[in-house]
Ligand code: NZQ
Ligand code: ZN
């Protein structure tokens, strides 16, 4: 097992009717920015619940943080925070609102041009000055409620860039599984597939001796396969909703990545498809993942075979099982309402490979993946195979 340090200070408050605990979680006498997205929290009553719970607190609201949050929008929130002397941010939303708030939190005290946080991928280490924030999660998917990363889009240049660091963990996150009742089917499907792919990024690498990490990763995959199709049909079923929500958090709170290699190239390529075509984050992963596993088959076949045996009970030679495991993954993605070809999502698909390879070369990303062997040629092959 590789050496590792594990640090995760986010307090999770999980369960029904937990939003009422907000007054015990936010700092006493804090002036709070309540940050939210396009307005779903007004329709499903979460906005009311938050305001009732925080009655008596001085609150300034900032809405309109879009899916795949824009740097340009977030900078407006930074200006409001400075003008209003706000000292705590409460993100109420999915990954986009939470990621957006992470950026706002870093940008408010940042000395210099905040765009450099993204362009220079500044690392905010433990102890760095950032504005504290907490979250009320409304969409299980990204794990952003319990991790220290964020992905922000610069609208002007159509770039989707990530940043983070151990100063960027939420102080707390309220995870109430009943919030998923109001999610459209499409977003429930996205949540399952985003979390599933988060596990695969940290699991489908090469055989290693992190046995426990593998078993935890496999149990998250099995739970998502068990509850995923059902929760889309029955989001009010609390057993399904709670297991779905906790699986998403566990898939990307850092735990299964410790002491083992990880890949993340599916995400890096997928982010470009969102930047280029506006395809939902999870749906880009369903397009890229299977072709990446196929192109990188020689590197990944040992783990693909383990995955095929333990998750899908496949039999045969390791080579056969590894191929069949990719096919089973595609079948699961289809069951979850995903399309797995770019041409099914846009007519303008043929420019994707050139665009992505050029972007990666400009950024000096010449060696991705767990073995650093996903070169620009491989990226091209992966993208073209996904057409
Ligand atoms: O904006 P509102 O009106 O709230 O509507 C949202 C949005 O339209 C809606 N929604 C959220 N909760 C709802 C709801 N609708 C009804 N009822 C509810 N309870 O769902 C839509 C999508 O929301 P969004 O936050 O964009 O989705 P998600 O949580 O999937 O986040 C995606 C973003 O997270 C990034 C992605 O790149 C993307 O920008 N990621 C962040 C990661 C991280 N921080 O660790 C890792 C991920 O891999 C990912 O890259
Ligand atoms: Zn993701």
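Taken together, the values in this text are just the output of simple stated rules run on the coordinates, not laboratory data. Computed from a predicted structure; not experimentally measured. Cβ coordinates were reconstructed from backbone atoms using ideal geometry, including for glycine residues, and neighbour counts include every protein chain displayed.
By average Cβ neighbour count within 10 Å, what is the ranking of 117-130, 282-295 from highest down?
In descending order of packing, they fall as 282-295, 117-130.
Quote the Stokes-Einstein diffusion coefficient, in whole µm² s⁻¹, for the chain, based on the Kirkwood radius over alpha carbon pairs, a temperature of 25 °C and a viscosity of 0.890 mPa s.
This corresponds to a translational diffusion coefficient of 115 µm²/s.
If you take the Cα Rg of segment 184-385 and divide it by 2.2 N^0.38 Å, with N the number of residues, what do you get?
0.99
Between segment 84-144 and segment 275-296, what's the alpha-carbon centroid distance in Å?
Spelled out, the Cα-based centre of one part sits 26 Å from the other.
In whole angstrom, how far apart do the alpha carbon centroids of segment 186-264 and segment 1-33 sit?
21 Å
Between helix 318-335 and the chain, what is the angle of the helix's C-alpha long axis to the longest principal axis, kept within 0 to 90° and rounded to the nearest 10?
Value to nearest ten degrees: 40.
If I take the Cα coordinates of segment 104-193 and project them onto the principal axes, what are the three extents in Å, biggest first?
Rounded to whole Å, the extents work out to 42, 31, 18 Å.
Defining a contact as two alpha carbons under 8 Å apart and six or more residues distant in sequence, what relative contact order in percent does segment 184-385 show?
25 percent
Report the gain in length on full extension from residue 344 to residue 4: 0.36 nm times residue separation, minus Cα-Cα distance, nm rounded to one decimal.
118.3 nm
Most exposed first by the Cβ proxy, i.e. fewest other Cβ within 10 Å, how do 238, 7 rank? Don't skip to the end; give the middle numbers.
Numbers: 238 13, 7 9.
Result, fewest neighbours first: 7, 238.
Compute the angle between helix 281-295 and the longest alpha-carbon principal axis of the chain, please, reported from 0 to 90 degrees and rounded to the nearest 10.
That helix lies at roughly 20 degrees to the long axis.
Full extension from residue 52 to residue 327: what is 0.36 nm times the residue separation minus their Cα-Cα distance, to one decimal in nm?
Gain on extension, residue 52 to residue 327, equals 94.1 nm.
Please report the relative contact order for the chain, taking Cα pairs under 8 Å with a sequence separation of at least 6, and give it as a percent rounded to a whole number.
Relative contact order here is 15 percent.
Let me see the pair-distance distribution of segment 11-178: every alpha carbon pair, 10 Å bin width, integer percents in order.
11, 44, 36, 9, 0
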